[in-house]
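Shown next, in structure tokens, is the structure this report addresses.
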Amino acid sequence: MSSDEELERIRQRRMVELQAQRAQQDQTTQAQADAEANKQAVLRKILTPEARARLQNVKLVRPDFAEQVEHQIIQVAQTGRVPLPITDDLLKRLLAELQSQQAKRDISIRRV
């Protein structure tokens with residue numbers, strides 16, 4: 001076997017590996033997009049338009065906190081712990097409560 005043939009086999013094998021990786025990435029991306037679409041559909045049912053607008057504003061400023069809030073809202077709505085639809089005033093109270101809980105978890109180290 002010549003070195004050119006061996007090199008061509010290696011190239012083809014690498015190309016197949018790259019195509020498989022790309023297909024897996026595409027599947028993962030599609031699954032994430034589907035999950036996000038489902039979450040947004042649920043939030044549309046749970047939140048009033050004003051509350052959704054407020055949540056979008058929070059997402060612009062603090063995306064990680066907004067993600068946590070979205071999950072919390074979905075959980076409390078599914079368990080029936082809040083009246084539906086969630087209004088802007090109720091969302092403000094939930095945001096304040098979650099913000100205070102998060103502030104309690106912050107750790108600061110002071111050196112003397």
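In table form, for the structure just shown:
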{"quantity": "Criterion violated by ALA66 - all others in (1) modelled with pLDDT under 90; (2) surrounded by 12 or more Cβ atoms within 10 Å (Cβ to Cβ); (3) among the small types (Gly, Ala, Ser) satisfied", "calculated": "(1)"}
{"quantity": "Boolean, ALA41 is touching a strand residue (DSSP E or B) at 6+ places or on another chain (Cβ under 7 Å) and under 18 Å from PRO85 (Cβ atoms)", "calculated": "no"}
{"quantity": "Positions within region 6-63 being out of contact with any Ser or Thr (no Cβ under 8 Å at 6 or more places or on another chain) and among the hydroxyl-bearing types (Ser, Thr, Tyr), in sequence order", "calculated": "THR28, THR29"}
{"quantity": "Residues of region 74-94 that turn out to be part of a helix (DSSP H, G or I) and either of a type in the set (Gly, Ala, Ser) or at pLDDT 90 or above (or both), as a count", "calculated": "9"}
{"quantity": "Of the criteria (1) of a type in the set (S, T, N, Q); (2) closer than 21 Å to GLN99 by Cα; (3) not assigned by TED's automatic domain parsing to the domain that holds LEU98, which one THR87 fails", "calculated": "(3)"}
{"quantity": "Residue list for region 18-73, restricted to those being in a helix (DSSP H, G or I), more than 11 Å from the chain's Cα centre (by Cα) and of a type in the set (S, T, N, Q)", "calculated": "GLN19, GLN21, GLN24, GLN25, GLN27, THR28, THR29, GLN30, ASN38, GLN56, ASN57, GLN72"}
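The values are calculated or read from the model by the stated rules, or taken from the named source; none is laboratory data. Given the structure is predicted, the values throughout are model-derived calculations rather than measurements. Here Cβ is always computed from backbone atoms with ideal geometry, including for glycine, and neighbour counts include all displayed protein chains.
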